[in-house]
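Notes follow once the structure below has been shown.
The values are calculated or read from the model by the stated rules, or taken from the named source; none is laboratory data. In this text the structure is predicted, and so the values were computed from the model without any measurement. Glycine also receives a Cβ, built like all others from the backbone with ideal geometry; neighbour counts cover every protein chain displayed.
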Amino acid sequence: MREHWSLLLDKPDQADKAAFFKGDAKTVTPEQTIERLRRIASVVVPPASREVFGNIAKHRNKMVHFVHAGEAGANGQEELEKVAEEQCAGWLALRTLLSEWPEFASYQRDIRQVSTKMERYRAYLRKAFEAKQPELQAHRRAGGRVIACPSCFFESVKVEKPHGSIADASCILCRFFHGSEIEVACPDPGCAERIIFTSGDGPPGACPTCSAQISKDYVSETLDTGEGVHKDNYFDHVSINCPSCSGYHTVIEHHNRYVCSECYDTSDTYGVCGYCSEGQLGGVPEHSSWVGCEFCEGNAGRHADD
Ligand SMILES: [Zn+2]
Ligand SMILES: [Zn+2]
Ligand SMILES: [Zn+2]
Ligand SMILES: [Zn+2]
C-alpha cells in the first residue's frame, strides 16, 4: 500500500481506482503478497513464518466453509491444542516482523492488545502443560533450567548446557520454539550486568539495569569468535547465509558452532553450495550444484530460463 495501492490487487494492470476504494476488487493472496513484498519492496518474510501463516490461513478457510474438525470429534481436545500452538507461533512470527518494521511503530498499543487477546488461546494448552510437568521437573532435578517460551508463554522451555554463551533451548509444549538462550554482558563496562535473551525474542533494546543501548551489531561482535576475513584467509573464507531468516552473510562462528546474528538460529554445522559457493547455516540440499541453495537457483534454474 505504501508503494502503490494497485499492488494490493490480483492484477495491478487491470486496476480501477474507484472500484478499489469502494472495496470492490480482487486482491492479492497472502502468498502473492509475500512474493511482491520481496521483489518490489525488498521486505523478506522468513520461510518459517510463511509456513506458520499458511497454516493459520488454512484453518481460516476451513472455518468459513464450516468443515473445521477442531470443534468436535474424539480428538477434539488434541485438535484444539494444535490450533492454539499454531496461533501462538503465528503471533510470535508476526510480532517479530512488526517490531522490525518502522512503519508499525505507532501501532504499539494495538499490538499489545492483540497479545492480551492471545492469552485466551493459551487456555487450550493448559491441560497439555500440566501433562508435561514430570518431564520439566526431571530436567530441573538434573540441574537444568526451565524458562518461559516466547511462543506459547508457558514455563516450558528446557535450557540445555551452554556452549560458550549460547545454550540450546526448546519448548516441549508447543512445537514451535526450537531456539537458543544467549547471554552477553552489558556494553557499559561500569555495569557489565548479564543480559540474557532467547532467539525468539532477540536482545532487548537497552540494558534493564543501566539502560545502555544494546544493538544487534554489539551482540554479533560479542558472540563472534571466528577469525574474520584477513589477507591470509581471503580466498578460503566462506561467508555463511541463514536460511531461517534469509539473512545474507549474517552467520558468525561461536566456539566451533554457528549462529545467525540476525535471528540467532544456531547449528553445529554449515554447508557450502555447489553452485554459488556460499555457505548456508545447517547445511545445503543434496545435489546443491543442481538444485542450488536458499539463495540461488542452481544449474536447474539456469536451464529453465533458456
Ligand atoms: Zn512454547
Ligand atoms: Zn548495563
Ligand atoms: Zn537468521
Ligand atoms: Zn547457492
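Below, the figures for the structure above:
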| item | result |
| --- | --- |
| Which numbered condition Ile240 misses (of (1) touching a Gly at 6+ places or on another chain (Cβ under 6 Å); (2) over 19 Å from Val44 (Cβ atoms)) | (2) |
| Looking only at the range 18-55, and only at residues there that are touching a strand residue (DSSP E or B) at 6+ places or on another chain (Cβ under 8 Å) and of a type in the set (A, V, I, L, M, F, W, C), the one that is surrounded by the most Cβ atoms within 10 Å (Cβ to Cβ) | Ala25 |
| Condition check for Ala15: surrounded by 15 or more Cβ atoms within 10 Å (Cβ to Cβ), out of contact with any Cys (no Cβ under 8 Å at 6 or more places or on another chain) and without any contact (Cβ under 8 Å) to a residue 40 or more places away in the chain | yes |
| Where Ser246 falls short, out of the listed (1) within 16 Å of ligand 3 (Cβ to nearest atom); (2) of a type outside the set (Lys, Arg); (3) without any contact (Cβ under 8 Å) to a residue 60 or more places away in the chain; (4) surrounded by fewer than 19 Cβ atoms within 10 Å (Cβ to Cβ) | (3) |
| Filter result for Ser277 (at positive phi, surrounded by fewer than 18 Cβ atoms within 10 Å (Cβ to Cβ), within 16 Å of ligand 4 (Cβ to nearest atom) and without any contact (Cβ under 8 Å) to a residue 40 or more places away in the chain) | yes |
| Residue in the range 96-110 that is surrounded by 13 or more Cβ atoms within 10 Å (Cβ to Cβ) and either within 16 Å of Ser156 (Cα to Cα) or in contact with a strand residue (DSSP E or B) (Cβ under 6 Å, 6 or more places away or on another chain) (or both) present | no |
| Pick from the range 129-165, criterion in a loop (DSSP other than H, G, I, E, B), in contact with an Asp or Glu (Cβ under 6 Å, 6 or more places away or on another chain) and not hydroxyl-bearing (Ser, Thr, Tyr), ranking: modelled with the lowest pLDDT | Pro150 |
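Results for (1) under 28 Å from Ala128 (Cβ atoms); (2) modelled with pLDDT of 90 or more; (3) part of a helix (DSSP H, G or I); (4) outside the structural domain of Cys245 (by TED's automatic domain parsing), shown as yes or no for each residue.
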{"site": "Arg50", "(1), (2), (3), (4)": "yes, yes, yes, yes"}
{"site": "Asn61", "(1), (2), (3), (4)": "yes, no, yes, yes"}
{"site": "Phe66", "(1), (2), (3), (4)": "yes, no, no, yes"}
{"site": "Glu79", "(1), (2), (3), (4)": "yes, no, yes, yes"}
{"site": "Val83", "(1), (2), (3), (4)": "yes, no, yes, yes"}
{"site": "Gln87", "(1), (2), (3), (4)": "yes, no, yes, yes"}
{"site": "Arg95", "(1), (2), (3), (4)": "yes, no, yes, yes"}
{"site": "Ala105", "(1), (2), (3), (4)": "no, no, yes, yes"}
